[in-house]
Amino acid sequence: MVRFVGIFLCIVTFGTFCYAQFDDLGYDMRNEEVLKTFDVEPEFLNNEHFVSVGNSFLTEARQDYLLETFKDGQAFIPTLKEMFLKEGIPQEFLYLAMVESGFSLKAKSRKRATGMWQFMPKTAKSLGLSINAQIDERKDPIKSTQAAITYLKSLKSLFGKWYLAAIAYNCGDGRLKKAIEEAGSDSLSVLLDPDEKYIPLESRMYIRKILSVSLLFHNVSTLKINDYDYFLNRGANSLLATIEVPPATPLSQVASKVGISLGELKSYNPQFKRSLTPSYAGTYSVYIPYQFLAHYKESLQNQGHLKSKSYLVHRVRKGDTIHSIAKHYGISSQQIAQHNGIKNARTLSINQEIVIPLNKG
């Protein structure tokens, strides 16, 4: 089950900003179209609770934060748009990712939901995402988005309306089915009734936030006042390029050929838990800024192809330390830490798999 990231700042920010505009929105045709995108009746704009709850939160600081969050997500937003367009998913579901994670690939909740789309392990694996000692594809910007698309389309097929798909994405299809049976209706106004509480408060706020953010980013006047009207003209051409890399390839080697720092490469590829690609598949997709693709191809031609690293896998036993493991294999502790992404030497756990890079000879 997918869960909403319980970060207070995001909850307050996303839940507050857009509502305060509602007194002025009325039946603007653009806003009607936004609601229709989610299969919501236009009359919902004047839902008393929807308006009153929203109007109690807005501050200028939170408005700036929301706009900056969207701006900061531009590395991935065009790619998401392109994928949604190909799959027939409403572009407004971008704001589901914004509400879930602020477009952060590393976002993590207390309930173990992870990534931009906040998948729980069970849901992620059911959608074909790999989670193991070497990789967590919930943090993969492309694969996790494709999984979210698959999940949303299945929920839309199950419930027939996009706003119901969004609610089920948060609280689960079983919980929503029960709510609809109890309410005797799938009307959004009925399901969000604050007195009957057919669905959890978190889910009631969740769909309001998505609708609110969608309305905001279709409000030309508000965007122009804040000098963010260029958002309206953002295209759906991906800014990311995908390259295929052999297994057990050091990411530092990839970064060098791409022409960017290791840190920047990792920021686009947090799915890799170590500083080299996993060992068990034929190749792995690595994402780089599109403008560096030509440099990468030129580097391959001039300097040769990427080379896999020879390695062993050590399973941590009771009493093992990085120092003792390094001494046993005749390498430095620093090499072990670097290849396994270990920042704290005291965090080893029993049965943890440690990659041991083998030096030539």
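Output the qualifying pairs, or none if there are none: Cβ atoms under 8 angstrom, residues six or more apart or on different chains, first residue in the range 251-268 and under 14 Å from TYR296 (Cβ atoms) and touching a residue at least 60 places away in the same chain (Cβ under 8 Å), second residue assigned to a helix (DSSP H, G or I) and open to solvent by 20 Å² or more (accessible area, probe 1.4 Å).
Here the result reads TYR268/ALA75, each pair linking the range 251-268 to a residue that is assigned to a helix (DSSP H, G or I) and open to solvent by 20 Å² or more (accessible area, probe 1.4 Å).
Select from the range 141-159 the residues that are without any contact (Cβ under 8 Å) to a residue 24 or more places away in the chain and touching an Asp or Glu at 6+ places or on another chain (Cβ under 8 Å) and write down the one among them that is farthest from THR37 (Cα to Cα). I'd like the intermediate steps shown before the answer.
The first filter runs over the range 141-159 and keeps only residues without any contact (Cβ under 8 Å) to a residue 24 or more places away in the chain, leaving 150, 154-158.
If we keep only those that are touching an Asp or Glu at 6+ places or on another chain (Cβ under 8 Å) too, we end up with 155, 158.
Details: LEU155: 16, LEU158: 17 Å.
Only one residue fits best here, namely LEU158.
When the residues of the range 290-308 are filtered to those that are touching a residue at least 40 places away in the same chain (Cβ under 8 Å) and not in a helix (DSSP H, G or I), which remaining residue is surrounded by the most Cβ atoms within 10 Å (Cβ to Cβ)?
Here the residue is LEU306.
Has the range 316-338 got at least one residue that is over 28 Å from THR242 (Cα atoms), of a type in the set (Ser, Thr, Tyr) and free of Cβ contacts under 8 Å to residues at least 12 places away in the same chain?
Yes: the range 316-338 contains one or more residues that are over 28 Å from THR242 (Cα atoms), of a type in the set (Ser, Thr, Tyr) and free of Cβ contacts under 8 Å to residues at least 12 places away in the same chain.
Taking the options ASP229, ASP195, name whichever one is at pLDDT below 85, farther than 21 Å from SER157 by Cβ, open to solvent by 10 Å² or more (accessible area, probe 1.4 Å) and not basic (Lys, Arg). Let's see the steps before the verdict.
On the way: ASP195 fails: at pLDDT below 85.
On inspection, the qualifying residue turns out to be ASP229.
Please go through the range 149-167 and give me each residue that is of a type outside the set (Val, Ile, Thr) and either open to solvent by 40 Å² or more (accessible area, probe 1.4 Å) or touching a strand residue (DSSP E or B) at 6+ places or on another chain (Cβ under 8 Å) (or both), ordered by number. Reasoning before the result, please.
Quick first cut of the range 149-167, residues of a type outside the set (Val, Ile, Thr) only: 151-166.
Matches in the range 149-167: LYS153, SER154, LYS156, SER157, LEU158, GLY160, LYS161.
Could you look through the range 249-289, keep only residues that are surrounded by fewer than 18 Cβ atoms within 10 Å (Cβ to Cβ) and of a type in the set (A, V, I, L, M), and pick out the one that is nearest to LEU129 (Cα to Cα)?
ALA281
Residue by residue through the range 309-333, note down the ones that are within 27 Å of THR283 (Cα to Cα) and open to solvent by 90 Å² or more (accessible area, probe 1.4 Å).
ARG315, the sole residue that qualifies.
Being assigned to a loop (DSSP other than H, G, I, E, B), modelled with pLDDT under 65 and either surrounded by 13 or more Cβ atoms within 10 Å (Cβ to Cβ) or among the aliphatic types (A, V, I, L, M) (or both) is the filter here; which residues of the range 24-64 pass it? Talk me through it step by step, then tell me what you get.
Just the residues of the range 24-64 that are assigned to a loop (DSSP other than H, G, I, E, B), to begin with: 26-28, 38-41, 47, 56-59.
The next check asks that each one be modelled with pLDDT under 65; those that pass are 26-28, 56-59.
Selection gives ASP28, PHE57, LEU58, THR59.
Based on what the data block shows, is ALA97 hydrophobic (A, V, I, L, M, F, W, C), modelled with pLDDT of 95 or more and assigned to a helix (DSSP H, G or I)?
Values: hydrophobic (A, V, I, L, M, F, W, C): yes; modelled with pLDDT of 95 or more: no; assigned to a helix (DSSP H, G or I): yes.
For ALA97, the condition - hydrophobic (A, V, I, L, M, F, W, C), modelled with pLDDT of 95 or more and assigned to a helix (DSSP H, G or I) - is not met.
The values are calculated or read from the model by the stated rules, or taken from the named source; none is laboratory data. Just so it is clear, the structure is predicted and the values come from calculations on it, not from any experiment. Every residue, glycine among them, receives a Cβ derived from its backbone with ideal geometry; neighbour counts consider all protein chains shown. Just the protein is used for accessible areas: all its heavy atoms, side chains included, with ligands, DNA and RNA removed. Shrake-Rupley method; radii C 1.70, N 1.55, O 1.52, S 1.80 Å.
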